[in-house]
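Working notes for the structure below.
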Amino acid sequence: MPRIAVGIEYDGSAYAGWQTQASAPSVQSVVAAAIGRVADHAVAVTSAGRTDAGVHALGQVAHFDTEAVRSARAWALGTNTNLPNDVAVLWAHEVPEEFHARYSAVARTYRYVILNRPVRPALTRQRVCWIHGPLDAARMQQAAQHLIGEHDFSAFRAAECQSRTPMRCVERILVTRSGEHLTIDVTANAFLHHMVRNIAGVLIEVGTGEAEPDWARAVLASRDRSVAAVTAPAGGLYLMHVAYPGHFQLPQRPDGALDLSVLSVSKLGTGLSV
């Protein structure tokens, strides 16, 4: 049976996360329903990452199996016709049977967006984390380097995390500022539940001056979630990119284009440009 991969972007504000739930709206449910209408049969959609309630995506990847014969253009445009305005399929591509959106992925990149100004946001309130006190991006970047490499990230995982191991390999963390906005880009082979938001929480405490950069190393070494900072809000988090081996030939977003220009005034009228 043919397998189709799709790239998806969504505003997660109105959803209880990616995964289908019995009593709450989910991104997975609306995507599966929309694809099913194009296929003319029910489909099961599997994603690269189960984003939490309120978390957004510019580069989610999913796959489904179908006996229906459609062009890549028909899969993408037909699915979008049946999706709500806050979810869109960017591309569709037939892949080999061995492709799996989750298990074939070799790396994932998330971005955490902080609005750093005294006045709270109105239009972007569900798309950024607002920190009213000044943040020092250089201190945050210094702290972040203690988390690079393969480590036990128990101190950065949620209590309800179901992963069999806390070991993860973080390839890169980059903290940058552009005007009133700070972004934290994190690339790793995989992530634990709430891992990026918990990293952001620690870096924010360092950025405000409440902790020294070396504290990030101490938190990591403790392997104790209670030692770390509070979990940063969901609204600032974006799944930006999922990387796969080249032989699958997916139309991926290149690493150099990991930006949020889609949230500019011209696109959304929000005033967010980072």
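Points worth noting:
- For segment 8-25, a residue qualifies if it is of a type in the set (Gly, Ala, Ser) and surrounded by fewer than 20 Cβ atoms within 10 Å (Cβ to Cβ), and the qualifying residues are 13, 14, 16, 17, 22, 23, 24.
Here's the yes/no breakdown for (1) crowded, with 20+ Cβ neighbours inside 10 Å; (2) under 18 Å from residue 148 (Cβ atoms); (3) at pLDDT 95 or above:
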| position | (1), (2), (3) |
| --- | --- |
| 217 | no, yes, yes |
| 220 | yes, yes, yes |
| 226 | no, no, no |
| 239 | yes, no, yes |
| 249 | no, no, no |
| 252 | no, no, no |
| 258 | no, yes, no |
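- Filter result for residue 205 (among the acidic types (Asp, Glu), buried (at least 19 other Cβ atoms within 10 Å of the Cβ) and at pLDDT 95 or above): yes
- Filtered by the rule that a residue be touching a Leu at 6+ places or on another chain (Cβ under 7 Å) and at pLDDT 95 or above, segment 32-50 gives a lone residue, 34.
- Exactly one residue out of 68, 48 is in contact with a strand residue (DSSP E or B) (Cβ under 6 Å, 6 or more places away or on another chain) and in the same structural domain as residue 15 (by TED's automatic domain parsing): that is 48.
- Listed conditions (1) of a type in the set (S, T, N, Q); (2) under 23 Å from residue 24 (Cβ atoms); (3) assigned to a loop (DSSP other than H, G, I, E, B); (4) in contact (Cβ under 8 Å) with a residue 24 or more places away in the chain are all met by residue 79, apart from (3).
The values are calculated or read from the model by the stated rules, or taken from the named source; none is laboratory data. Keep in mind that this is a model prediction, so the values were computed, not measured. Methodologically, a virtual Cβ is constructed for each residue, glycine included, from the backbone with ideal geometry; neighbour enumeration extends over all protein chains shown.
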